[in-house]
Every structure is written in C-alpha cells, then in structure tokens.
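Engineer: This is the structure I want to talk about, given as structure tokens.
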Amino acid sequence: LLRCDTYGKEASLLSRNHISTIDELIKLKNDKTNEIDNLMARRTELRKMAKRSIPEEQKEALKNKVTDLTDQIKRIRSDLKLIDDIADRSGILEEKVREVDRERNGKELIR
C-alpha cells in the first residue's frame, strides 16, 4: 500500500508539472534545487534579523515567515525525493530494456 501511495504521488508530480521526458524531469530537479537554495538563503537572513534587538512584534513576524519558508522547503524536498525515485527507476527500466534487447539479439544469433 505504501508503494502504491508513493506511485500515486509520483504520478501526481509528473502530471502537475507536465513532465513526459527524462530531460524535463532533470530540468525540474535543477529548478527545485535552485528554489531550495534561494529559500534557505532567505530563511537564514530572516533568522539573523530575528536575533537582532528589534521589537517583539517584528520578531514574531520574522519567526512566522521562517516557519512558512521551512514548510515550503519541506514540500520541495519531498518533491525532490520523488523526482530522484522516478529518475532511479527510469534508469533501471532503461537498463532492463537494453538487457532484454541484448538477450533477444543473442538468441537470434544462435538460431
């Protein structure tokens, strides 16, 4: 059941981002990685600002923004994990297809 749930999430990710080729998947991974880097840098800046001596209301607002950024980072990381799983399985499937082709070609040569 867990595997079916994972496959459903992967299918949802692919359809939501209109991914149909491995090249598009790689581009999406690069985009998501860059997005995480930007969000993490922004979160670090907000954390630094919250440590300064500023009014308590501003500190709370900054902490809420940090929490929102952390939630976004979590979602993107889960998408990256799904992308990696899809890419790994795609490579395995391609290798299996090549192996089957090699076996078929070998059998044809023996006949």
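Engineer: Can you name the condition, by its number, that residue 14 falls short on among (1) surrounded by 12 or more Cβ atoms within 10 Å (Cβ to Cβ); (2) over 14 Å from the mean Cα position of the chain (by Cα)?
Structural biologist: The failed condition is (2).
Engineer: Can you tell me how many residues in the range 17-46 are open to solvent by 100 Å² or more (accessible area, probe 1.4 Å) and either within 17 Å of residue 74 (Cβ to Cβ) or among the aromatic types (Phe, Trp, Tyr) (or both)?
Structural biologist: 2
Engineer: Right, here's the next one. Restricting the search to the range 67-94, which residues are farther than 17 Å from residue 31 by Cα and open to solvent by 100 Å² or more (accessible area, probe 1.4 Å)?
Structural biologist: 93, the sole residue that qualifies.
Engineer: Show the residue pairs that are 6+ apart or on different chains and have beta-carbon atoms under 9 Å apart, the first residue being within the range 47-66 and outside any helix (DSSP H, G or I) and open to solvent by 90 Å² or more (accessible area, probe 1.4 Å), the second being of a type outside the set (S, T, N, Q) and modelled with pLDDT of 90 or more.
Structural biologist: If the second residue must be of a type outside the set (S, T, N, Q) and modelled with pLDDT of 90 or more, the pairs left are 52/59.
The values are calculated or read from the model by the stated rules, or taken from the named source; none is laboratory data. Because the structure is a prediction, the values reported are computed rather than measured. We place every Cβ from the backbone using ideal geometry, glycine too, and count neighbours over all the protein chains shown. Surface areas here come from the heavy atoms of the whole protein model, side chains and all, with no ligands, DNA or RNA. Shrake-Rupley method; radii C 1.70, N 1.55, O 1.52, S 1.80 Å.
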